[in-house]
Each structure stands twice: as C-alpha cells, then as structure tokens.
Amino acid sequence: MTATPTNQQYFYGLGRRKTSIARVRLFPGEGNVTVNGKPSRDYFGREVLDIIVQQPLRAVDTGANFNVIADVEGGGSAGQAGAVRLGIARALLKADEANRQPLRAQGLLTRDARAKERKKPGLKRARKAPQYTKR
C-alpha cells in the first residue's frame, strides 16, 4: 500500500470514469502526485495522461501546496487518469470552497458519464447490425 503521512489532516475526493475508481487524498506539501505508490508520470507512462491528472492543480493556483496520493483501480489508463482528475478536483473543492469557480469554468467538477454501451441481441456490437441482403 502507499506510504501515507500519519496523523495528518487531508482532504478526500472520489473520482470515477468509465470503470475506474480513484480515491484521492490531498496533504499539505510541495505538489507531488503519487498514483498507486508511483509518481504519476511513471505510473501512466504517457505525458498526455499526466497532463490530464495535473489539470485541477493548474486550474487552482494553490495546487502546488498539496501532495496528492491516489489509489486507483479498474479500467484502462485513460479512464484511470480521468478518475484521478475528478478526485483531485473534488478534494480541492473540500480544501477551499473558493476553488469552485475556476474548477467549474474548466469543467473539472463534472463527472464524464460516457461508458461502453452494452451489446444488443441480434446485433454484432452495440449498434452494428449484420449486413442486409434481400434474398
């Protein structure tokens, strides 16, 4: 499990995206982001996913005053990055209600409800039908 500072106050936020769930804690610190015990850049591997995770901290100027510890499970890397982003935004909102306006302006407090649509009977995928032939 991740090493957490003991007996320290933190702000909690839960983020979900597709099938990923992220539990995020903000501690006073220097702006380090740890995901499942690794630095976020190492965990996600792709720079664009690390930028997605950092968005709420950049939207709020005080974001560099917090260390982020996120435990994320389920889904793929893009879904996990989106879940961590929402969790960080919600935790920043609990830290200071004044953060609501800049976070809302960039759409970081809205849960992205898009998920894979289920397959329907008689179809090949959710919407793809077999090719029609007259005879």
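The values are calculated or read from the model by the stated rules, or taken from the named source; none is laboratory data. Keep in mind that this is a model prediction, so the values were computed, not measured. Every residue, glycine among them, receives a Cβ derived from its backbone with ideal geometry; neighbour counts consider all protein chains shown.
If Val24 meets every condition in (1) in contact with an Asp or Glu (Cβ under 6 Å, 6 or more places away or on another chain); (2) surrounded by 19 or more Cβ atoms within 10 Å (Cβ to Cβ); (3) within 25 Å of Ala98 (Cβ to Cβ) apart from one, which number is that one?
(1)
Only residues in the stretch 98-123 that are touching a residue at least 12 places away in the same chain (Cβ under 8 Å) count as the first member; pair them with residues that are assigned to a loop (DSSP other than H, G, I, E, B) and among the β-branched types (Val, Ile, Thr), Cβ under 6 angstrom, at least 6 apart or cross-chain, and list the lot.
Listed by first residue and then by second, the contacts come to Asn99/Val60; Pro102/Val60.
Give the stretch 76-135 a look and list any residue that's among the hydrophobic types (A, V, I, L, M, F, W, C) and more than 22 Å from Arg41 (Cβ to Cβ), or say none.
Correct list: Leu93, Ala95, Ala98, Leu103, Ala105, Leu109, Ala113, Ala115, Leu123, Ala126, Ala129.
For the stretch 1-16, name all the residues that are assigned to a loop (DSSP other than H, G, I, E, B) and at pLDDT 60 or above. Write out each step before concluding.
First, the residues of the stretch 1-16 that are assigned to a loop (DSSP other than H, G, I, E, B): 1-10.
Listed by number, the residues that qualify are Pro5, Thr6, Asn7, Gln8, Gln9, Tyr10.
I need the full set of residues from the stretch 57-79 which are of a type outside the set (Gly, Ala, Ser), within 24 Å of Thr110 (Cβ to Cβ), part of a helix (DSSP H, G or I) and in contact with a strand residue (DSSP E or B) (Cβ under 9 Å, 6 or more places away or on another chain), in order please.
Looking only at the stretch 57-79, we keep the residues that are of a type outside the set (Gly, Ala, Ser), and these are 57-58, 60-62, 65-69, 71-73.
From the residues that got through so far, the ones that are within 24 Å of Thr110 (Cβ to Cβ) too are 57-58, 60-62, 66, 68-69, 71-73.
Pick out the ones that are also part of a helix (DSSP H, G or I) and you get 57-58, 61-62.
Residue satisfying the conditions is Leu57 alone.
Would a scan of the stretch 114-135 turn up a residue that is β-branched (Val, Ile, Thr) and closer than 18 Å to Lys18 by Cβ?
no
May I ask you to list the residues in the stretch 38-70 that are touching a Lys or Arg at 6+ places or on another chain (Cβ under 9 Å) and loosely packed, with under 12 Cβ neighbours inside 10 Å?
Within the stretch 38-70, just Glu47 meets the criteria.
Quick one: would you say Asn99 is among the polar types (S, T, N, Q), over 13 Å from the mean Cα position of the chain (by Cα), within 17 Å of Gln9 (Cα to Cα) and modelled with pLDDT under 95?
no
Any idea which residue in the stretch 17-52 is modelled with the lowest pLDDT, counting only those that are part of a loop (DSSP other than H, G, I, E, B) and farther than 20 Å from Gly75 by Cα? Explain how you work it out, then say what you get.
Going residue by residue through the stretch 17-52, those that are part of a loop (DSSP other than H, G, I, E, B) are 18-19, 29-32, 36-37, 45-46.
If we keep only those that are farther than 20 Å from Gly75 by Cα too, we end up with 29-32.
Working: Gly29: 91, Glu30: 91, Gly31: 88, Asn32: 93.
Residue satisfying both the conditions and the ranking: Gly31.
Taking Gly87, is it under 17 Å from Gly31 (Cβ atoms) and either part of a loop (DSSP other than H, G, I, E, B) or touching a residue at least 24 places away in the same chain (Cβ under 8 Å) (or both)?
Answer is yes for this residue.
For (1) closer than 20 Å to Gly63 by Cα; (2) in a loop (DSSP other than H, G, I, E, B); (3) out of contact with any Asp or Glu (no Cβ under 6 Å at 6 or more places or on another chain), each residue gets a yes or a no:
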{"position": "Ala91", "(1), (2), (3)": "yes, no, yes"}
{"position": "Leu103", "(1), (2), (3)": "yes, no, yes"}
{"position": "Leu108", "(1), (2), (3)": "yes, yes, yes"}
{"position": "Ala115", "(1), (2), (3)": "no, yes, yes"}
{"position": "Lys119", "(1), (2), (3)": "no, yes, yes"}
{"position": "Arg125", "(1), (2), (3)": "no, yes, yes"}
{"position": "Lys134", "(1), (2), (3)": "no, yes, yes"}
